[in-house]
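Since the structure comes first, as structure tokens, the remarks are kept for the end.
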Amino acid sequence: MSTFNLEHIVRKNIWNLKPYSSARSEFKLYGKTDGAELTLLDANENPNDPAILDMDLQIRNLNRYPDPLQSDIKEILSEQKGISTDQIFVGNGSDEAIDLLYRIFCEPGKDQVITCPPTYGMYEVSAAINDVRNIEIPLTSSFELDIEQILKQVQDDKSIKLLWICSPNNPTGNALLKADLQHDWQAENYTKGGMMDMPYAPEFDQELRENKEKLDRLIGGFNGIVVVDEAYQDFTENQSFIRRLEDYPNLIVLQTMSKAHGMAGARTGFAFASPEIIALFNKTKPPYNVNELSQKAVLKALQLTDQTDQQIGEIKSNREMLSTMLEDLDYVEEVYPSEANFILAKVKDAAGVYNYLKDQGIIIRNRSSQIPNTLRFTVGTTQECEVLMETLKKYKSI
């Protein structure tokens, strides 16, 4: 009788895989407490429970399979985003779209992708699962894309199929690319009482040309797929790259219901791209990839635009307040600018501060494995931010 050896029949890349470490896997929340006595500022969620938005979700017909193409969701997204429904993919979280991109475009054991760390860890984990080599081109010391190095890499190696760009970036919080400086300038100028057609200052006109040249070189000059992950797009003033889909046929934009919309538990994300690319998503995905409960909840949440805008405004206001207050702490060495719903700060003893807050029932994320001595604070409600700061002020006296 043969001796069964599990390792011998598992794919080598899966056996050696280092899994993604989520916020809730690092802190063992589930099975011990419902979180009611904890302040959870670790997973970049919207702190507002959608139940408070009068969301009546009495779901009928759960004995039937859900709409495999999520038609109602695509209709409202089409109206809100200004694109056609055949340019929209709805998935089981953005993670499904990420995995599908590997399965659609990358030959296992042959093709390669580029990530720009520090960034969202699932790009690397999904590459390993799909047996695709990940080439890391780190951000610069100021957390900017090293565009020249990226261009050199893609020119020298034709096996690179995907370039991953998270903007605003997690965990740094800054925008790595700007889709439309012209529109951003006009919108800002208009809110300050100016005219939409006011002429640009010469220096801004130069900035416009440089930004267009950058996008043309980075996206237009790459024969592979450029993925811009806009999970935190709602918290920035910059325009979405959805506006540039017509300019770059190799561009894919990811967004999610998990952040601004407060629907992390519904596990629903979107990909926006050309109809040809979306058709590839649809024929590769499982037939019923988004369950009926999530579809109904997401459809309702997308209609609650006023409430969502109010919550986004509160989070952005709290972000500024929290940044200012963190800067006043003597053990905080730097607070990095953020265009997301979290703040990254460099501190003198990240592990000490993290463990102290955990002991006080406040859960944040220690990002020191990516950037030395840094902590990431999700921006919570006003009350949660106040509790956090009052606790942090007492740290040195413990």
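For a quick check of your reading: which strands (runs of 3 or more DSSP E) sit entirely within segment 232-344 and have at least 3 residues that are in contact (Cβ under 8 Å) with a residue 24 or more places away in the chain and not small (Gly, Ala, Ser)? Walk me through how you get there before you give the answer.
On the way: elements: 251-256, 269-272, 332-335.
The qualifying strands (runs of 3 or more DSSP E) are 251-256.
For segment 292-306, which residues satisfy the criterion of being within 17 Å of Asn48 (Cα to Cα) and under 21 Å from the mean Cα position of the chain (by Cα)?
If the condition is that a residue be within 17 Å of Asn48 (Cα to Cα) and under 21 Å from the mean Cα position of the chain (by Cα), then Ala297, Val298, Ala301, Leu302, Thr305 are the ones that fit.
I'd like to know if segment 91-101 contains one or more residues that are of a type outside the set (A, V, I, L, M, F, W, C), out of contact with any strand residue (DSSP E or B) (no Cβ under 8 Å at 6 or more places or on another chain), modelled with pLDDT of 95 or more and part of a helix (DSSP H, G or I).
Yes, the conditions are met somewhere in segment 91-101.
For (1) open to solvent by less than 70 Å² (accessible area, probe 1.4 Å); (2) over 18 Å from Cys116 (Cα atoms); (3) at pLDDT 90 or above; (4) in a helix (DSSP H, G or I), each residue gets a yes or a no:
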| position | (1), (2), (3), (4) |
| --- | --- |
| Gln155 | no, no, no, yes |
| Leu162 | yes, no, yes, no |
| Pro171 | yes, no, yes, no |
| Ala179 | yes, yes, no, no |
| His183 | yes, yes, no, yes |
| Ala187 | yes, yes, no, yes |
| Tyr200 | yes, yes, no, no |
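Please go through segment 304-340 and give me each residue that is within 30 Å of Asn61 (Cβ to Cβ) and modelled with pLDDT of 95 or more, ordered by number.
Filtering segment 304-340 for residues within 30 Å of Asn61 (Cβ to Cβ) gives 304-308.
Of everything in segment 304-340, nothing turns out to be within 30 Å of Asn61 (Cβ to Cβ) and modelled with pLDDT of 95 or more.
Suppose the filter is touching a Pro at 6+ places or on another chain (Cβ under 7 Å), part of a loop (DSSP other than H, G, I, E, B) and farther than 26 Å from Thr172 by Cα; does Asp131 pass it?
yes
Rundown of residues vs (1) farther than 19 Å from Cys166 by Cα; (2) surrounded by 19 or more Cβ atoms within 10 Å (Cβ to Cβ); (3) hydroxyl-bearing (Ser, Thr, Tyr); (4) touching a Lys or Arg at 6+ places or on another chain (Cβ under 9 Å), yes/no style:
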site	(1), (2), (3), (4)
Asp99	no, yes, no, no
Tyr102	no, yes, yes, yes
Cys106	yes, yes, no, yes
Gly109	yes, no, no, yes
Val113	no, yes, no, yes
Cys116	no, yes, no, no
Ala127	no, yes, no, yes
Asp131	yes, no, no, yes
Asn134	no, no, no, no
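Mind checking whether some residue in segment 258-274 is open to solvent by less than 50 Å² (accessible area, probe 1.4 Å) and at positive phi?
yes
Test Ile114 against the stated conditions and say whether it is under 21 Å from the mean Cα position of the chain (by Cα) and among the aliphatic types (A, V, I, L, M).
When the stated conditions are applied, Ile114 passes them.
Which residue, of Leu322, Leu280, is aliphatic (A, V, I, L, M) and closer than 25 Å to Ala97 by Cα?
After ruling out the rest, the residue left standing is Leu280.
The values are calculated or read from the model by the stated rules, or taken from the named source; none is laboratory data. These numbers were taken from a predicted model, which means no experiment stands behind them. No Cβ is skipped: glycine too gets one built from the backbone with ideal geometry, and neighbour counts run over all protein chains shown. Side chains included, ligands, DNA and RNA excluded: accessible areas come from the protein's heavy atoms. Shrake-Rupley method; radii C 1.70, N 1.55, O 1.52, S 1.80 Å.
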